[in-house]
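Below is one structure, written out as structure tokens; comments come after it.
The values are calculated or read from the model by the stated rules, or taken from the named source; none is laboratory data. If you're wondering where the values come from, they're calculated on a predicted model, not measured in any experiment. Note that we place each Cβ from the backbone using ideal geometry, even for glycine, and neighbour counts take in every protein chain shown.
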Amino acid sequence: MARPLLFVVDRDRGSLSEMVTDLTRRFGNQFEVRGKSSATSALAALRGAAQEREPVAVILVQDAEADLLGSAHELHPRAKRVLLVDRDYSSTSPAVQAITLGRAEYHLTRPWADDEMLFGPMSEYLLAWTREQEPSFEMFRVVAADGDPRVHRLHDVMTRFGMPYGTYSVGSAAGRDLLDDAGLDGTRLPVVMRYDGRVMIDPGMPELADALGVNVTEDARTCDVAIIGAGPAGLTAAVYAASEGLDTVMLEEEVSGGQASTSPLIRNYPGFPHGINGGLLMERTCEQAWLMGAHIVFAQRAISLEPVGERRVIRMLDGSELSARVVVLATGIEWRRLGVAPIEALVGSGVFYGAAVGESRAMQGQDVFIVGAGNSAGQAALHLAKHARSVTLLVRSESIARSMSTYLIRAIESTPNVTARCGTEIVDGGGAGRLEHLTIADRATGTAEQVPANALFIMIGGEPNTQWLPDDIARDDHGYVMTGSLAGPPVAGAPERMLLETSMPGVFAAGDARHGSIKRVASAVGEGATVVWMIHEYLRALEPVS
Ligand SMILES: Cc1cc2nc3c(=O)[nH]c(=O)nc-3n(C[C@H](O)[C@H](O)[C@H](O)COP(=O)(O)OP(=O)(O)OC[C@H]3O[C@@H](n4cnc5c(N)ncnc54)[C@H](O)[C@@H]3O)c2cc1C
């Protein structure tokens, strides 16, 4: 089979030839390295590769030829684009805008002191490409009707566990062959087949989790710490609690990762300058918690919590119970999603859930849209307007006056490059690997228009997963769990209430479900780690004084 291509484009012929030689020396066994010294010759070569169906893994382009990246992406949408820039850590470096707006996935800075500074990052980019190729071995095969929404969920679960799988339409020859082999007629779909012959028809979460080889039942009935929710806050709490010798059980109603694993690219998590796939980050954290000794139980929803003496008893949907000395509520929130598939596919590549502050500089001269009508959307619009060419607020209702403070409305009205379009909604959007256009419909007339767009911030709110908690756990008007002094004075005789402790002694909250939380992966991780220190303090205070 032909080796996948690694393309290098650099106007400086001397440097180009050196890079091609060096990269061939290191990666030549698996990849064919080709060099071009102009955008025109590179484009012709890339076009030829597309016609010959030669796979292109990486396109490394000197910033002077950066315009090539758009056409290169159209020809080879799966290739990783790397911008080669000179060392310049100012906010005007071309790498800043290219990466924020999804025009390139990575950058390389030159000069490099030794070859490893080129080879190290390049290995990472090639690995990222390799991971996204069709698996040569499918651990699971899914046969389903075209457009069945349950397939999306199956896809989500398989992806979160990093399982190689394939999906086959029931209308295809391959799909029918698979059903025949399993002795099924396809009247009940979707069918999930494991490599060893196990067949599941329209499996529920527990059956699927079991087939994936993860725990769905907890044999232990007692533990030191029960953590509810396996998003970034719960997983981090599990890593720390288990590593510090506490007998830890984590309950998750679905599979691990929480909201974070629905994000294809988390760009603001420290240590990952080019961003990291949220699913991958969470998968690694989950594995770390397991290796530290945490008992992780999937497909188990906590439905009630009550104090019994000095212990806290959690009841699960399947009727089983778990008694813990301490409970951490890390159940997060359910963000309202826009639900427009082509837009969801571009999250991280010009489409962002949540506030825009961190991305504002990269919006220099761009056309930016915000969906939402709350104060946070208004504040984001004003902030982005300092850099963007235009900011458009898209609002479903006929007016923003009901949902936004008057001072913000006035500020928006007096900012010339901000416009509010009321009575509108997004019905479509897309671009070549990054957001380039949106289709906006007028809700009253039904007419739709396509507009150019470089970035979209979705700020339509969410609800905390806390409805199941008892009244003893104080919550704010929106259901977020109150902690620390906001949860009220300590119960008589109980140790002093700490920053992440709820109104029920021995029950802590971390991450998005907590009142006043920051709604970021890093802050949820920080709270997950901090809460374990507080658990130690709480348990120490309960020990009899000798
Ligand atoms: C599309 C998207 C993109 C995002 N991008 C970014 C980004 O780029 N950068 C960033 O910093 N933040 C981002 N965020 C926000 C970030 O993901 C969240 O702030 C973070 O995941 C919160 O972590 P958490 O652990 O508090 O809660 P969650 O991640 O919400 O996890 C909570 C977990 O609890 C489980 N659960 C709920 N109720 C129960 C129950 N009763 N029993 C058992 N389990 C239960 C849920 O199934 C879930 O797995 C994004 C969010 C979304 C939706």
Looking at the stretch 323-345 only, could you name the residues that are away from the ligand (no atom under 14 Å from the Cβ) and either over 20 Å from Leu235 (Cα atoms) or touching a helix residue (DSSP H, G or I) at 6+ places or on another chain (Cβ under 6 Å) (or both)?
Val326, Pro342
Let me confirm something: among Val249, Val157, which residue is out of contact with any Lys or Arg (no Cβ under 9 Å at 6 or more places or on another chain), closer than 22 Å to Leu317 by Cβ and at pLDDT 95 or above?
Val249
Going through (1) under 22 Å from Asn268 (Cβ atoms); (2) among the acidic types (Asp, Glu); (3) not in a helix (DSSP H, G or I) one by one, Glu124 fails only at (3)
Tell me which of these Asn268 doesn't satisfy, since it passes every other one: (1) closer than 30 Å to Arg497 by Cβ; (2) within 11 Å of the ligand (Cβ to nearest atom); (3) surrounded by fewer than 19 Cβ atoms within 10 Å (Cβ to Cβ).
(1)
Assigned to a loop (DSSP other than H, G, I, E, B), of a type in the set (Val, Ile, Thr), farther than 20 Å from Met250 by Cα and touching an Asp or Glu at 6+ places or on another chain (Cβ under 9 Å), is that true of Ile460?
no
Hey, Asp67 hits all of (1) surrounded by fewer than 21 Cβ atoms within 10 Å (Cβ to Cβ); (2) under 22 Å from Glu436 (Cα atoms); (3) within 28 Å of the chain's Cα centre (by Cα); (4) not hydroxyl-bearing (Ser, Thr, Tyr) but one; which does it fall short on?
(3)
Checking Ser91 against (1) of a type outside the set (D, E, K, R); (2) closer than 24 Å to Gly433 by Cα; (3) touching a helix residue (DSSP H, G or I) at 6+ places or on another chain (Cβ under 9 Å); (4) surrounded by 13 or more Cβ atoms within 10 Å (Cβ to Cβ), which test does it fail?
(4)
Scan of the stretch 400-415 for residues that are part of a loop (DSSP other than H, G, I, E, B), touching a residue at least 12 places away in the same chain (Cβ under 8 Å) and over 19 Å from Gly461 (Cβ atoms), ordered by number
Thr415
Can you find, within the stretch 438-489, the residue that is surrounded by the most Cβ atoms within 10 Å (Cβ to Cβ) among those that are away from the ligand (no atom under 16 Å from the Cβ) and of a type in the set (Ser, Thr, Tyr)?
Thr439
Against the conditions (1) of a type in the set (Val, Ile, Thr); (2) in contact with an Asp or Glu (Cβ under 7 Å, 6 or more places away or on another chain); (3) outside any strand (DSSP E or B), where does Thr92 fall short? Just the number, please.
(2)
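Of all helices (runs of 4 or more DSSP H) completely enclosed by the stretch 1-76, which ones contain at least 3 residues that are hydroxyl-bearing (Ser, Thr, Tyr)? Steps first, answer last, please.
Working: elements: 13-27, 39-51, 68-75.
Filter on the stretch 1-76 gives 13-27.
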Which one of these does Ser320 not meet: (1) within 30 Å of Ser503 (Cα to Cα); (2) of a type in the set (Gly, Ala, Ser); (3) crowded, with 18+ Cβ neighbours inside 10 Å; (4) more than 11 Å from the ligand (Cβ to nearest atom)?
(3)
Confirm whether Gly204 is closer than 30 Å to Leu539 by Cα, within 16 Å of the ligand (Cβ to nearest atom) and of a type outside the set (A, V, I, L, M).
no
So Gly245 passes all but one of these: (1) surrounded by fewer than 23 Cβ atoms within 10 Å (Cβ to Cβ); (2) within 14 Å of the ligand (Cβ to nearest atom); (3) over 24 Å from Gly354 (Cβ atoms). Which condition number does it fail?
(2)
Complete set of residues in the stretch 217-238 that are under 18 Å from Arg312 (Cα atoms), modelled with pLDDT under 95 and within 15 Å of the ligand (Cβ to nearest atom)
Glu218
Restricted to the stretch 272-289 and to residues being away from the ligand (no atom under 12 Å from the Cβ) and modelled with pLDDT under 95, the residue farthest from Leu212 (Cα to Cα) is Pro273
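Hey, could you check the stretch 346-388 for residues that are of a type in the set (S, T, N, Q) and closer than 21 Å to Ile400 by Cα and say which is modelled with the lowest pLDDT? Can you show your working first?
Pass one, the stretch 346-388, residues of a type in the set (S, T, N, Q): 349, 360, 364, 366, 375-376, 379.
Restricting the remaining residues to those that are closer than 21 Å to Ile400 by Cα gives 375-376, 379.
Details: Asn375: 82, Ser376: 77, Gln379: 82.
This residue is Ser376.
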Contacts under 8 angstrom Cβ, first residue in the stretch 513-540 being over 13 Å from Gly354 (Cβ atoms) and within 14 Å of the ligand (Cβ to nearest atom), partner of a type in the set (Lys, Arg) and outside any helix (DSSP H, G or I), 6 or more apart:
His515/Arg475; Glu527/Arg514
Across the stretch 368-399, what is the total count of residues that are more than 17 Å from Arg443 (Cα to Cα) and assigned to a loop (DSSP other than H, G, I, E, B)?
5
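Identify all residues within the stretch 416-440 that are part of a strand (DSSP E or B) and closer than 22 Å to Met404 by Cα; write none if there are none. Write out each step before concluding.
Taking the stretch 416-440 as the starting set, the residues that turn out to be part of a strand (DSSP E or B) are 418-422, 424-430, 437-440.
Scanning the stretch 416-440 gives Val418, Thr419, Ala420, Arg421, Cys422, Thr424, Glu425, Ile426, Ile440.
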Considering the stretch 290-301, residues that are within 17 Å of Glu253 (Cα to Cα) and small (Gly, Ala, Ser), and then whichever is surrounded by the fewest Cβ atoms within 10 Å (Cβ to Cβ), we arrive at Ala299
Odd one out for Leu500 among (1) under 22 Å from the mean Cα position of the chain (by Cα); (2) in contact (Cβ under 8 Å) with a residue 24 or more places away in the chain:
(1)
